[in-house]
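Here's the structure we're looking at; comments come further down.
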C-alpha cells in the first residue's frame, strides 16, 4: 500500500527518541487510512530542528508534530515558528495537528489547533487522531464506555480492517452507533433475492459507483474502491456461499448480519412502485430483488402485467447502466415471450440483449415464427 500513488501522504515529525511511538502511529494509520506515511522524512536531526522539519513536511497532505523535550527547539522564536505553523500551513492547505508526547514547552497557540495529548494511553488517542485524519470536518467522538462485545468488535473492525460474521442485527446497530465515526461511511446492503449481478448493483448504488460491466468487472471496480476507502460494508440477507464474492479486502471492514426473518413484499406492491419508477428511484432500487423474485410467476399467470414490470425494471437499470443485471431480467422475460408468441417483445428483448452483451444483432425476417425470432435460447 505504501507504493500506491493514489494515497495521500502523511509526515510524522518527531525526534529520534520518539521513533518507536511514531512508527506505532504510522502502522495504525496505514492500516486504516488512505495515507502513505513517510517514515523517514519527518525525523528531527542536528542540522534540521523541528521547525525546519515541519516546514519541509508541509508539502504533504497531512503533518503530525510530535512534541517532546527531545523534539522541541531550545527556544521558540516567534519570528521563525509563526510563518511556518500559521502562514505557510494556511497557504499550502496542509492538514496540521499536534501530539503531546511528554511535558515540554511550546507555544500555547498549538493547543487551539488540532491538539492531542498522548501522555496517557495510546489506543484512545490513536483512535481520535485516526478520526481527525479521516475527516477533519466531522466532530471527534468522545471515548465512552461500551460493553465487552462492542469493544471487541471495535478492535476487530474499527482499529483495523476486518470481517465479522453472523452478527445479530441488534449488535450490528449497536456497533454502528458506537463506532460510525471510525469510518468514512457506513453502508447497509440488503441482498434479499439478489443474484451476484444484483448484489453488485446494490453495492454500486450505495458507494456511488457506476458498474456497467460484468460481475467480474464490477467486483474488480469495488475492490479498487476499497483499497483506499475506509468504509464499513454491512450485508444483510446474504447467503453464506456469496460471502467470498463480496470480501474485498483493502481498507474496508465488513459485517455479515445473521439471517433473520424478513417481511415479504407483495407482487402488487412491486408493480405499483415500478410502474411509476421515476417518482421514487430509491424505493425501486430497494425492490429490485423482490421484482426479480416475482417476475417469473407474474409472466406465467398474468403475462401483460409481468411484461410491463419487466420493461419498467429494464428502463430503470438502463438508466443506471447496470447492464448485467438488466440482461438477467430480460433472460426471465425471454421464455415467456416465446411461449406467448409475442413477436414485438421478442424483437425488443433480442435487440436489448445484443446491446447489453455487446453481440451482433440481425434484423428479423418479415414474418418469423416465435422460435426463429430469438437469437437466445430460453433457460
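The values are calculated or read from the model by the stated rules, or taken from the named source; none is laboratory data. Predicted model, so just to flag it, every value in this text is computed and none were measured. Quick reminder, even Gly has a Cβ in these numbers, built from the backbone with ideal geometry, and neighbours come from all protein chains shown.
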Criterion (buried (at least 21 other Cβ atoms within 10 Å of the Cβ) and within 9 Å of the chain's Cα centre (by Cα)) met by exactly one of 233, 211: 233
Any hit, region 216-227, residues being over 16 Å from the mean Cα position of the chain (by Cα) and either under 30 Å from residue 36 (Cβ atoms) or surrounded by fewer than 17 Cβ atoms within 10 Å (Cβ to Cβ) (or both): yes
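Quick grid of which residues meet (1) out of contact with any strand residue (DSSP E or B) (no Cβ under 7 Å at 6 or more places or on another chain); (2) loosely packed, with under 14 Cβ neighbours inside 10 Å; (3) not assigned by TED's automatic domain parsing to the domain that holds residue 238:
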| position | (1), (2), (3) |
| --- | --- |
| 139 | yes, yes, yes |
| 154 | yes, no, no |
| 157 | no, no, no |
| 167 | no, no, no |
| 172 | no, no, no |
| 178 | yes, no, no |
| 192 | yes, no, no |
Any hit, region 3-10, residues being under 20 Å from residue 127 (Cβ atoms) and touching a residue at least 12 places away in the same chain (Cβ under 8 Å): yes
Some residue of region 272-286 being over 21 Å from residue 197 (Cβ atoms), in a helix (DSSP H, G or I) and not assigned by TED's automatic domain parsing to the domain that holds residue 310: no
Unmet criterion (only one of (1) part of a helix (DSSP H, G or I); (2) under 30 Å from the mean Cα position of the chain (by Cα); (3) over 27 Å from residue 218 (Cβ atoms)) for residue 263: (1)
Residue count, region 235-260 (criterion: assigned to a strand (DSSP E or B) and free of Cβ contacts under 8 Å to residues at least 12 places away in the same chain): 0
Scope region 329-344; condition surrounded by fewer than 21 Cβ atoms within 10 Å (Cβ to Cβ) and without any contact (Cβ under 8 Å) to a residue 40 or more places away in the chain; matching residues: 339, 340, 341, 342, 343, 344
Exclusive hit being within 21 Å of residue 210 (Cβ to Cβ) and either modelled with pLDDT of 95 or more or surrounded by 21 or more Cβ atoms within 10 Å (Cβ to Cβ) (or both), set 281, 299, 288, 295: 288
Total residues in region 71-91, condition out of contact with any helix residue (DSSP H, G or I) (no Cβ under 9 Å at 6 or more places or on another chain) and either closer than 16 Å to residue 132 by Cβ or surrounded by 15 or more Cβ atoms within 10 Å (Cβ to Cβ) (or both): 0
Residue check, residue 98 touching a helix residue (DSSP H, G or I) at 6+ places or on another chain (Cβ under 9 Å), surrounded by 18 or more Cβ atoms within 10 Å (Cβ to Cβ) and in a strand (DSSP E or B): yes
Given (1) over 22 Å from residue 315 (Cβ atoms); (2) in contact with a helix residue (DSSP H, G or I) (Cβ under 8 Å, 6 or more places away or on another chain); (3) exposed (fewer than 15 other Cβ atoms within 10 Å of the Cβ), index of the condition residue 186 fails: (3)
Elements of type helices (runs of 4 or more DSSP H) contained in region 317-376, each with 1 or more residues being at pLDDT 95 or above, out of contact with any strand residue (DSSP E or B) (no Cβ under 9 Å at 6 or more places or on another chain) and under 30 Å from residue 286 (Cβ atoms): 323-339, 343-356
Selection within region 227-251 - closer than 17 Å to residue 262 by Cα and out of contact with any strand residue (DSSP E or B) (no Cβ under 9 Å at 6 or more places or on another chain): 239
Condition met for residue 273 (at pLDDT below 95 and over 25 Å from the mean Cα position of the chain (by Cα)): no
Out of 208, 162, 213, sole residue that is at pLDDT 95 or above and not assigned by TED's automatic domain parsing to the domain that holds residue 65: 162
